[in-house]
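The values are calculated or read from the model by the stated rules, or taken from the named source; none is laboratory data. These numbers were taken from a predicted model, which means no experiment stands behind them. Quick reminder, even Gly has a Cβ in these numbers, built from the backbone with ideal geometry, and neighbours come from all protein chains shown.
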């Protein structure tokens, strides 16, 4: 069947064949705080990091141009784990040592794959978790949520520690690691893969290039860094940390047997956009991480592997971080359970885009949000912002402790959101109609 004659029946046939065969391995790699401006293959930022290994995945896979995460890391990680928007899980901001965490009642990706995949035998999570609050599941939270093995950090590496001296947890046991974190996490990933007995699924969630910004070990990067405290000029160090992530990704793939790499579907994604302190125009600090502007939510997403047909292409369909849940369920041959009454799933599988070069778009809109404090009540007076877009138009709603207001943009002619149609009142009939439609759709979604 040609891509131009793609049908729902063909998709169902592909999914059925995938489910009955022994599936490939699945590796999800998450970078921390990287927007599309910082990855060379996206060619959107004026000064990206050096990322030859990520670029190779794009050249030989599928690059998604319009992938959305949430503006902060914990909400995006909860989306991936559950396939559900943040207002459903209550995780709208960064999870700390207190407050709301990913609830044990949530049906997680690991739980679905471990109970319903006919082939996958080992599930490993390496690196940053950031969905625990010290109480819900405590040090065993990742394991309780379905992962056979967990080794990494339960949260950020803070300025109180360093990337070569930080608290680490392995299957409930806490200790200090003195191996450079980016290297340590690749070492742990290799150890997990090498001990796996059959098809495996692994998440490699780097802490980098999240702050504290620093100079990585010299063999991991070549970009120049000034002889200055990174706090005063963070961007060169941030770029070096991204390059170190890319270098270690290259080491990971080079260290595995070629037949293992060839039989592994790899998804690379970031959890939110570039931080304001390292942004560079036209990606301005006011539209960076922690905001619902494109600089905060538009992130790199690349898929590579045996389930990618017609590699070396770009996909402009709207994609949400929630979609990784259904995608990985399909790639592993698992079966998502029926949605319970009063519950909901927001995840749409990306498998059609991997299988077919001209697959119909699976979404008409995509949604993101940022609110706090983290709680099951979600919105309330402390809700900060939420956003929804279709192929062309984008609506942002601001509320919380300030009066509710809206901004509205034509991303087709104004991709960097410089001209708000609400405040300037530069309406056309088409734009105003789109504004009303998106406002209604967002209200229907969250209410």
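So that you can scan it fast, the table gives a plain yes or no per residue for (1) at pLDDT 95 or above; (2) in contact with a strand residue (DSSP E or B) (Cβ under 6 Å, 6 or more places away or on another chain); (3) surrounded by fewer than 20 Cβ atoms within 10 Å (Cβ to Cβ); (4) within 24 Å of residue 300 (Cα to Cα):
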residue: 221; (1), (2), (3), (4): yes, no, no, yes
residue: 226; (1), (2), (3), (4): yes, no, yes, no
residue: 240; (1), (2), (3), (4): yes, no, no, yes
residue: 248; (1), (2), (3), (4): yes, no, no, yes
residue: 253; (1), (2), (3), (4): yes, no, yes, yes
residue: 258; (1), (2), (3), (4): yes, no, yes, no
residue: 266; (1), (2), (3), (4): yes, yes, no, yes
residue: 269; (1), (2), (3), (4): yes, yes, no, yes
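Matching residues to (1) assigned by TED's automatic domain parsing to the domain that holds residue 316; (2) in a loop (DSSP other than H, G, I, E, B); (3) closer than 16 Å to residue 301 by Cα:
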site: 57; (1), (2), (3): yes, no, yes
site: 65; (1), (2), (3): yes, no, yes
site: 70; (1), (2), (3): yes, yes, yes
site: 77; (1), (2), (3): yes, no, yes
site: 81; (1), (2), (3): yes, no, no
site: 84; (1), (2), (3): yes, yes, no
site: 87; (1), (2), (3): yes, no, no
site: 91; (1), (2), (3): yes, yes, no
site: 94; (1), (2), (3): yes, yes, no
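Just one of the numbered conditions (1) in a loop (DSSP other than H, G, I, E, B); (2) within 20 Å of residue 322 (Cβ to Cβ); (3) more than 16 Å from the chain's Cα centre (by Cα) is not true of residue 123; which one?
Among (1) in a loop (DSSP other than H, G, I, E, B); (2) within 20 Å of residue 322 (Cβ to Cβ); (3) more than 16 Å from the chain's Cα centre (by Cα), the lone unmet condition for residue 123 is (1).
When you go through 285, 275, 300 one by one, which is the residue that is free of Cβ contacts under 8 Å to residues at least 60 places away in the same chain and in the same structural domain as residue 232 (by TED's automatic domain parsing)? Give the derivation first.
Working: 275 fails: free of Cβ contacts under 8 Å to residues at least 60 places away in the same chain; 300 fails: free of Cβ contacts under 8 Å to residues at least 60 places away in the same chain.
So the residue among 285, 275, 300 that is free of Cβ contacts under 8 Å to residues at least 60 places away in the same chain and in the same structural domain as residue 232 (by TED's automatic domain parsing) is 285.
Condition check ((1) over 22 Å from the mean Cα position of the chain (by Cα); (2) under 21 Å from residue 108 (Cβ atoms); (3) modelled with pLDDT of 95 or more) across all residues:
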{"position": "151", "(1), (2), (3)": "no, yes, yes"}
{"position": "165", "(1), (2), (3)": "yes, no, yes"}
{"position": "176", "(1), (2), (3)": "yes, no, yes"}
{"position": "194", "(1), (2), (3)": "yes, no, yes"}
{"position": "197", "(1), (2), (3)": "yes, no, no"}
{"position": "200", "(1), (2), (3)": "no, yes, yes"}
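Rundown of residues vs (1) in a strand (DSSP E or B); (2) crowded, with 23+ Cβ neighbours inside 10 Å; (3) out of contact with any helix residue (DSSP H, G or I) (no Cβ under 8 Å at 6 or more places or on another chain), yes/no style:
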position: 324; (1), (2), (3): no, yes, no
position: 328; (1), (2), (3): no, yes, no
position: 335; (1), (2), (3): no, no, no
position: 339; (1), (2), (3): no, no, yes
position: 344; (1), (2), (3): no, no, no
position: 349; (1), (2), (3): no, no, no
position: 353; (1), (2), (3): no, yes, yes
position: 358; (1), (2), (3): no, no, no
position: 362; (1), (2), (3): no, no, no
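Going by the conditions given, is residue 307 surrounded by fewer than 23 Cβ atoms within 10 Å (Cβ to Cβ), assigned by TED's automatic domain parsing to the domain that holds residue 89 and touching a strand residue (DSSP E or B) at 6+ places or on another chain (Cβ under 6 Å)?
yes
Looking at residue 230 and the list (1) crowded, with 19+ Cβ neighbours inside 10 Å; (2) under 25 Å from the mean Cα position of the chain (by Cα); (3) over 19 Å from residue 51 (Cβ atoms), which single condition is not satisfied?
It is condition (2) that residue 230 fails.
Failed condition for residue 302, given (1) modelled with pLDDT of 95 or more; (2) closer than 23 Å to residue 32 by Cβ; (3) in a loop (DSSP other than H, G, I, E, B), with all others met?
All conditions pass for residue 302, except number (3).
Across segment 152-168, what is the total count of residues that are surrounded by fewer than 23 Cβ atoms within 10 Å (Cβ to Cβ) and in a strand (DSSP E or B)?
6
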